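> Before we start, here is the structure in question, set down as structure tokens.
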Amino acid sequence: MNTIKSYFEINSRFRNGIFLLSIILFTAIIGCFFYLKKVTPKYNLVELEEFQHQIDSIKKQNKKAEKEYKLKSFNPNFISDYKGYMLGISPTELDKLYFYRSQGKWINSVSEFKKVTQVSDSLLAVISPLFKFPEWKNNKTKIFSKKEYSVKSHSQKKDLNTVLAKELQEEARIPDFIAVRIIKYRNKIGGFIEDIQLKDISGLYDNQRNKILSLFTVKTSRKNKKLNINRASVKELIEIPYFDFELALDIKDFVKDNGDISNFDELLKIKGFPTEKIDRIRLYLTID
């Protein structure tokens, strides 16, 4: 019995050590508790709920806007990169559309959109119901047909080089931004030489141009000395509204490599030449 008791007896020195260790551990635990309580951030549940509510509200608005965007009708001639992405049109297909439009051409039907962009039939079936073409394109006769307006004689017409944007808007019934665009372009090129230069106005439909020319015409044409394309310098060529520096260099190189140009049709051989504007370019050049 005494032997068993001896196993449970602890020397006073060890008892003191154990007691001291217990005090240290207890102090450490208390210290950690208060330290963690101090550094742990206090979350405001009310603020968190308000923040979550804002996130949910934004998500809801985005879904609603996306739904409205997809259902909104649009003119396929003016598809932006973002709209094309939303509709599922590839960048290559969009580039074909932009190139077609850069030539001053317009898409007037679903079949024409298919031919230009070469989108798949499945995609076309989804997006074509959203296409909205100008109303006059859907009519058998144009809005401004001869039956609906009379063409004034040359003496009765006003001068296209002095007319104001407001007059164009009110008398020819064209949008205000188109009227302003005509005046800005006229000022940029120093005045129209001939009526045909209205073709250069972006967004101006053929029927609108015909309506304008039934009321206005170029009377005080700017003094224009035609340049001999075979002798003109690069500096002189870039003063023509339809040429930039790169194209002017290409023209000079073409003349240098092939000899003098004897026919305007030869210009069409130059890569990147604006062939659709050759009728207006002729107003500034001569081959004599």
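The values are calculated or read from the model by the stated rules, or taken from the named source; none is laboratory data. Nothing here was measured: the structure is a model prediction, and the numbers come from that model. With ideal geometry, Cβ positions are generated from the backbone for all residues, glycine too; neighbour counts draw on all protein chains shown. We work out accessible area using only protein heavy atoms, side chains counted, and drop any ligands, DNA or RNA first. Shrake-Rupley method; radii C 1.70, N 1.55, O 1.52, S 1.80 Å.
> Can you find even one residue in the stretch 152-162 that is under 24 Å from the mean Cα position of the chain (by Cα) and of a type in the set (Gly, Ala, Ser)?
No.
> Of (1) within 23 Å of Ile174 (Cα to Cα); (2) open to solvent by less than 80 Å² (accessible area, probe 1.4 Å); (3) free of Cβ contacts under 8 Å to residues at least 24 places away in the same chain, Lys114 satisfies all except one. Which?
The number of the failed condition is (1).
> Another one. Filter the stretch 176-211 for residues that are without any contact (Cβ under 8 Å) to a residue 12 or more places away in the chain and either outside any helix (DSSP H, G or I) or over 25 Å from Tyr98 (Cβ atoms) (or both) and give the result.
If the condition is that a residue be without any contact (Cβ under 8 Å) to a residue 12 or more places away in the chain and either outside any helix (DSSP H, G or I) or over 25 Å from Tyr98 (Cβ atoms) (or both), then Asp176, Asn187 are the ones that fit.
> Just one of Tyr100, Tyr149 is at pLDDT 85 or above and surrounded by 13 or more Cβ atoms within 10 Å (Cβ to Cβ); which is it?
The conditions single out Tyr100.
> Then there's this: Can you name the residue in the stretch 163-175 that is among the hydrophobic types (A, V, I, L, M, F, W, C) and free of Cβ contacts under 8 Å to residues at least 24 places away in the same chain and is also farthest from Trp106 (Cα to Cα) among such residues?
If we take residues in the stretch 163-175 being among the hydrophobic types (A, V, I, L, M, F, W, C) and free of Cβ contacts under 8 Å to residues at least 24 places away in the same chain, then Leu164 is farthest from Trp106 (Cα to Cα).
> Suppose we filter the stretch 163-175 for residues that are in a helix (DSSP H, G or I) and open to solvent by less than 40 Å² (accessible area, probe 1.4 Å); how many remain?
The total comes to 3.
> Same structure, new question: When the residues of the stretch 37-90 are filtered to those that are open to solvent by 100 Å² or more (accessible area, probe 1.4 Å) and of a type in the set (A, V, I, L, M, F, W, C), which remaining residue is modelled with the lowest pLDDT?
Leu71
> Being touching a helix residue (DSSP H, G or I) at 6+ places or on another chain (Cβ under 9 Å) and free of Cβ contacts under 8 Å to residues at least 12 places away in the same chain is the filter; apply it to the stretch 244-265 and report the residue that is farthest from Arg186 (Cα to Cα). So that I can check it myself, show each step before the final result.
Here is the first cut: in the stretch 244-265, the residues touching a helix residue (DSSP H, G or I) at 6+ places or on another chain (Cβ under 9 Å) are 245, 247-249, 251-252, 254, 258, 261, 264-265.
Filter once more, so that each one left must be free of Cβ contacts under 8 Å to residues at least 12 places away in the same chain: 245, 258, 265.
Working: Phe245: 21, Asn258: 35, Asp265: 27 Å.
That would be Asn258.
> Scan the stretch 231-285 for residues that are more than 27 Å from Lys105 (Cα to Cα) and in contact with a strand residue (DSSP E or B) (Cβ under 6 Å, 6 or more places away or on another chain) and jot them down.
Scanning the stretch 231-285 gives a single hit, Glu236.
> Working carefully through the options Asn228, Asn258, find the one that is open to solvent by 40 Å² or more (accessible area, probe 1.4 Å), farther than 27 Å from Phe99 by Cα and out of contact with any Gly (no Cβ under 9 Å at 6 or more places or on another chain).
Asn258
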